[in-house]
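Since the structure comes first, as structure tokens, the remarks are kept for the end.
The values are calculated or read from the model by the stated rules, or taken from the named source; none is laboratory data. Because the structure is predicted, anything quoted here is derived from the model rather than measured. With ideal geometry, Cβ positions are generated from the backbone for all residues, glycine too; neighbour counts draw on all protein chains shown.
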Amino acid sequence: MSDSMGITPITEFVWDRSIRNSKRSIRLSLGDDTASEATEAAWLPVLEIAGAEEGPSLLLLAGVHGDEYEGIELIIRLFHQLAPHKLKGNLLMITAANPYSYRGGTRMSPEDGVNLARAFPGNATGTVTERLAYELHHRFISKADFLLDLHSGGTQYAVATLTGYYHNPSTAFGRSCREAAEAFGAKLLWAHAEIAPGRSISSAQSLGIPWLYTEAFGGRRIRPEDRTFFYEGTLRLLKHLGMCDNPEVGTGDDAPVISRTIYSDGNFDHSMLSETDGFFIPEVSLLDEVRQGDRIGTIYHLDGTELQQVKAETAGIVVMLLGTPVIRKQEPVYLLAALT
């Protein structure tokens, strides 16, 4: 039962997919002890649009990293603009899946230094972030028919706008993920034959739940083109899943998008790391194709001394570059993916 502030303990939440033709906003308390005199206890913001008819259940996660804002804006916009009577099934959306990192404006949870995107399926008796991952896995992801996890470059990284999916054309599960990725309408698809553990998508994968994720430029700003991509792509996905017959796409253009595909495991932990502190000046741009040994950029001292020539360790396409030029030793500089 909700308290006087309208906050329900997360342990009492059950995704009731029988609810029809309604919208609701729910605050779920996490039962942690992170509140102080300056901050309230963290709570999970959940928005739901229940369609007028039975249909699939789609889960949207935003704010898994607290400095990524494109998905948060998308969810708020969908909640206000989608009418329940135009929807089939249930659209459940979490605007800040990691409220700890959101209130800190950080990639990691300040309370325990854990990256939620590496903590799934979580631990019921672990740190606050591990317990959060446990609840998200068991109460939300496991109840969905499809998962869309919304990401971008956040504070530090500049990332190519794309949709990532599980790549295995020999299985029905793999084909369903690819078809959904194509329906979303990204011009760049990132195909992952393997999924590293700890992700929301690896949780979904382990449960046999199809999934997609997005990336976008980031920088703690929302570019107009990324705003459009997230919104229209999600409407296309709703239509593809049979949840919305006539989505009101902003441009009115529902024509198929011609995409190209890149390949790797999509693991940002495999980014090339700096060998030194300094100031990074790139010499390539996102989506540039580079050969092994090509210069990605240079790290300089403030007196102009060249400290490190950053070169491509393999051939590939640039999908991530450091977005903030001041860099510390052992911080990510770039990530490449293969075209074939």
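A few points about this structure:
- Residues satisfying the stated conditions in the range 272-282, i.e. surrounded by fewer than 18 Cβ atoms within 10 Å (Cβ to Cβ) and outside any strand (DSSP E or B): E275, T276, D277
- Every condition in (1) surrounded by 23 or more Cβ atoms within 10 Å (Cβ to Cβ); (2) β-branched (V, I, T); (3) not in a strand (DSSP E or B) is met by T155 except one, and the failing one is (1).
- None of T106, T125 is surrounded by fewer than 19 Cβ atoms within 10 Å (Cβ to Cβ), farther than 17 Å from L44 by Cβ, touching a residue at least 40 places away in the same chain (Cβ under 8 Å) and among the hydroxyl-bearing types (S, T, Y) except T106.
Matching residues to (1) of a type in the set (S, T, N, Q); (2) modelled with pLDDT of 95 or more; (3) in the same structural domain as R139 (by TED's automatic domain parsing):
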| position | (1), (2), (3) |
| --- | --- |
| R17 | no, no, yes |
| N21 | yes, yes, yes |
| I26 | no, yes, yes |
| E54 | no, yes, yes |
| L61 | no, yes, yes |
| E68 | no, yes, yes |
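- Of all the criteria given as (1) within 18 Å of the chain's Cα centre (by Cα); (2) of a type in the set (G, A, S); (3) outside any helix (DSSP H, G or I), the one not satisfied by G113 is (1).
- Residue within the range 219-242 that is hydrophobic (A, V, I, L, M, F, W, C), crowded, with 24+ Cβ neighbours inside 10 Å and touching a Phe, Trp or Tyr at 6+ places or on another chain (Cβ under 9 Å) present: no
- Restricting the range 75-97 to residues that are polar (S, T, N, Q) and not in a strand (DSSP E or B), the residue that is surrounded by the most Cβ atoms within 10 Å (Cβ to Cβ): T95
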